[in-house]
Amino acid sequence: MNQWFEVDKDGLAILQAGKPRHYILRELIANAWDEEITECSVDLSFEKGFATAIVIDDCPEGFKDLRDSFTLFRDTCKRADPRKRGRFNVGEKQAIALCNYAKIESTKGTVVFDKQGRHESRAIREHGTSVMVKFKATKAEFDEILRVVENYLPPSGIKYLVNGEVVPYRTPLKIIHPTLTTEISENGAFKRTQRKTDVYIHATNGNAYLYEMGIPVTEIECIYNIDVQQKIPLSIDRETVPQAFLKDLFAEVLNATAEDLKPEDSSQVWVRLGSEDERVTKGTLKKVVEKRYGEKVVVANPFDKHSIDEAISHGYRVVFGSEMSADEWKNIRAAELIPSSSEVFGVDFVGAENVEPDDNMQRVAELAKNVAKRVLNIDIRVAFVESKATCSAQYGGRTLTFNVSRLGRGFFDPPLSAETIDLIIHELGHENGMHTEKSYHETLTKMAGKLVMIALKEPEFFKIE
């Protein structure tokens, strides 16, 4: 005997036992679809705790080598072709290990797997291959198997039937053509490489899946089914997909679908992963930001709390550092998509040029001082500056500063107006808090109430000379 290794069927079955039962059908259907076929049928039945499945294809050559049905890791031509689903030559063995009975009939002969072991015979089919398996399953597991195999995405040239019903070819919503990582055998080594391929983007009717040429590989957190038309880099269990591959794929899908993204979907896992990837475009990121935060958005500058407060008061969405991953922020900053709160609402008048007030401005200053003294019982200073800051006025340190560059001198003419009263009250309210604090709003209402009573009882209070 010249074999180095043996495989224990029961041990292999234990390793596969945690997989969903539809995994058994996945391997058998994938093998059929990898051949030169025009039709593949799957017949499923359930009785007394056992599921029976028969997968038949019409490949003229049939099973190329029946030894592949019981030999693990045997070399296979599929490894050299990225458009074939097989690679390890282990999947059907993993599937059969979970079965109580299996029978493969093809043009080269027949192999039966039962309690007594493996049996081979010369009985042949004229064309194609038939694989029958029987395995333990609950009714719920059987129903899941049926649901899953009915949701395969058959290639356009293959007639695919499940229990006699044709599962139609589904036209993708979109087809994209990215370069993605795949696996291929070259010069005796199986390795990963980059290759341009088609990716079909499909609508979902429930959970979303990543497909490899129509065969579901793993469930994904996405609003689309994504069908990659070449080998996906996989671990030997054919279920674990590298995170880096998913990021690349999600970025490519996001680039193609960002225009259709709904606000409620803009924070989903696949969008965030795609936004982290170097492939995501500036235009795509701009769409994501708009869908997630709206058009009025700034990044919080934690060292400028006043600008954060101003942004909120002007109806802006303030985004804080913890709301996105480091890689998302990296791409957002590189694309210069979200200004900081200080850029838009910076209120630092340091370095601003002082303005000599005219008569109207002086009257407004007196009005502001009188309101502060009478309503808040405080003495304040009033200043006028020309500044590039975006705010019209600022209050702090018992000083009310008007930004003439923003307001214009016409704002102060006439000195007593709804606009000047509004701005004075708005700014003096900061004596007791910021825009988002309850104390600020309570101060505003108290000031308004007192000024109304003053206006009714002492109208001369508002006569400013």
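Among the listed pairs 48/231; 247/287; 262/438; 103/139, those whose Cα-Cα separation exceeds 28 Å are 48/231; 262/438. Helices that extend 24 Å or more along their long axis by alpha-carbon positions and average at least 0.0 on the Kyte-Doolittle scale are, among the DSSP H runs of the chain, 438-457. Once the chain from residue 173 to residue 354 is taken as fully extended at 0.36 nm per residue, the excess over their C-alpha distance is 59.0 nm.
The calculated 222 nm mean residue ellipticity attributable to helices in the chain amounts to -9500 deg cm²/dmol, summing -39500 (n - 2.57) over DSSP H runs of n ≥ 4 and dividing by all residues. Apolar share of the accessible surface for the range 103-160: 49 percent from carbon plus sulfur atoms, 1.4 Å probe.
When the square roots of the Cα gyration tensor eigenvalues are ordered a ≥ b ≥ c, the ratio a/c for the range 158-259 is 1.5 or more and a/b does not exceed b/c, which makes its shape oblate. Here's how it looks for residue 208: its modeled amide H is under 5 Å from those of 220, 222, which are all 5 or more places away or on a different chain. Basic side chains Lys and Arg get +1 at the Cβ, acidic Asp and Glu get -1 at the Cβ, and with that the dipole of the chain about its Cα centre reaches some 960 debye. One chain, two ends: residue 374 and residue 413. Fully extended at 0.36 nm per residue, the span grows by 11.7 nm beyond their Cα-Cα distance. Taking the alpha-carbon centroid of each part, what is the distance from the range 403-465 to the range 216-284 in angstrom? Measuring centre to centre over Cα atoms gives 53 Å.
Recomputing Rg/Rh (Cα atoms, Kirkwood Rh) from the coordinates shown identifies the correct label among (i) 1.11; (ii) 0.95; (iii) 1.28 as (iii).
Oblate is the label for the range 101-208. Its Cα gyration tensor axes, ordered a ≥ b ≥ c, give a/c of at least 1.5 and b/c at or above a/b. The lysines within cross-link reach of residue 463, meaning a Cα-to-Cα straight distance under 20 Å and a gap of 8 or more places when in the same chain, are 369, 373, 450. Here the calculated FRET efficiency for residue 36 and residue 441, from their Cβ-Cβ distance with R0 = 56 Å, stands at 0.15, rounded to the nearest 0.05.
Counting only protein heavy atoms and a probe of 1.4 Å, the accessible surface of the range 346-465 is 49% carbon and sulfur. The residues of the chain present an accessible area of 51 Å² per residue when probed at 1.4 Å with all protein chains retained.
The values are calculated or read from the model by the stated rules, or taken from the named source; none is laboratory data. Everything numeric in this text was worked out from a predicted model, so none of it was measured. Positions of Cβ are generated from backbone atoms using ideal geometry, with glycine treated the same way; all protein chains shown enter the neighbour counts. Only protein heavy atoms, including side chains, enter the accessible area calculation; ligands, DNA and RNA are left aside. Shrake-Rupley method; radii C 1.70, N 1.55, O 1.52, S 1.80 Å.
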